[in-house]
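So the structure is just underneath, and the comments pick up after that.
The values are calculated or read from the model by the stated rules, or taken from the named source; none is laboratory data. What you are looking at is a predicted structure, and each value in this text was computed from that prediction instead of being measured. All Cβ positions, glycine included, derive from the backbone under ideal geometry; neighbour counts span all protein chains shown. For accessibility, only protein heavy atoms count, side chains too; no ligands or nucleic acids. Shrake-Rupley method; radii C 1.70, N 1.55, O 1.52, S 1.80 Å.
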Amino acid sequence: MIQTDINYPEGLPWPVRDGYDINHVQPFQRTTMVDGRARQRRRFSSVPSMVNVTWIFNSDNQAAAFEAWFRDALLDGSEWFNAPLKTPVGEGQYVCRFVSMYSGPTPVGLCAWRASATLEIFERPLMPPGWGNFPEFVLGASIIDIALNREWPEA
């Protein structure tokens, strides 16, 4: 896992849900055999994910700050940075970089601006290894959490 000291600027909005899409790079390899059957094997245990994001900046200043941050802090998008993103494992900071130049800013309404991009998340966001063997605990996590918080004796 890599780390970076560059953070998405506080005060700028998180990506909007419209068009938000996470796609994972395939971690396995498939080989078609002569008889028509296929064999599959895990090729990588750590792969990146691509996430399509759109930001709506509510003022000229927010859009200008985003573009300046992209140019100066990310060296025109070439650096990794910590981005606030929502994934199935929760909201958090993920190490990302731009796959290509963002599109926009495009005017929206009277004073807002829209920018879109594809970000590469360094490592596919997953629960810690082992939890996939116990899906019933993951699915019932909210019930367990409520029960423990309600019934657990205070120290």
### Query
To the nearest 10 degrees, how steeply does helix 60-72 sit against the main Cα axis of the chain, on a 0 to 90 scale?
70 degrees
### Query
With labels modelled as points extended 7 Å from the Cα through the Cβ direction, what inter-label distance (nm, one decimal) is found for T87 paired with R39?
3.1 nm
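About the Cα centre of the chain, how large is the charge dipole given +1 on each Lys and Arg Cβ and -1 on each Asp and Glu Cβ? Please answer in debye to the nearest 20. Intermediate results must be reported in sequence, preceding the final value.
Details: 13 positive and 17 negative charges, 188 e Å.
Dipole of the chain, to the nearest 20 debye: 900 debye.
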### Query
Rank D76, D5 by accessible area, highest first, at a 1.4 Å probe radius?
D5, D76
### Task
Compute the relative contact order of the chain as a whole-number percentage, counting only Cα pairs closer than 8 Å that sit 6 or more residues apart in sequence.
24 percent
### Task
Could you go through the range 114-125 in sequence order and give the Karplus-derived ³J(HN,Hα) for each residue, using 6.51 cos²θ - 1.76 cosθ + 1.60 with θ = phi - 60°, rounded to whole Hz, and x for Gly and Pro?
10, 10, 10, 7, 10, 9, 9, 7, 3, 10, 3, x
### Task
For V99, put the label point 7 Å out on the Cα→Cβ axis and report which residues of the range 14-28 keep their amide N under 11 Å from it.
21-25
### Task
Rounded to the nearest 10 degrees, what's the angle between the helix 141-151 long axis and the longest principal axis of the chain, both from Cα atoms, 0 to 90?
80 degrees
### Message
Shape verdict for the range 23-67, please, from the Cα gyration tensor: rounded (a/c under 1.5), prolate (a/b greater than b/c) or oblate.
### Response
prolate
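Could you tell me the calculated FRET efficiency between D72 and E10, based on Cβ-Cβ distance and R0 = 25 angstrom, to the nearest 0.05? Mind showing how you got there, number by number?
On the way: r = 16 Å, r/R0 = 0.64.
Approximately 0.95, to the nearest 0.05.
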### Query
In the range 28-123, what trypsin sites (Lys or Arg not before Pro) fall in a loop by DSSP, with at most 16 other Cβ atoms inside 10 Å?
R37, R43
### Task
Mind checking which of Q26, F66, A117 is farthest towards the positive end of the chain's charge dipole, using Cβ charges of +1 (Lys, Arg) and -1 (Asp, Glu) about the Cα centre?
Q26
### Task
Please work out the FRET efficiency for the pair D21 and A112, using the Cβ-Cβ distance as r and a Förster radius of 25 Å; give the result to the nearest 0.05.
0.70
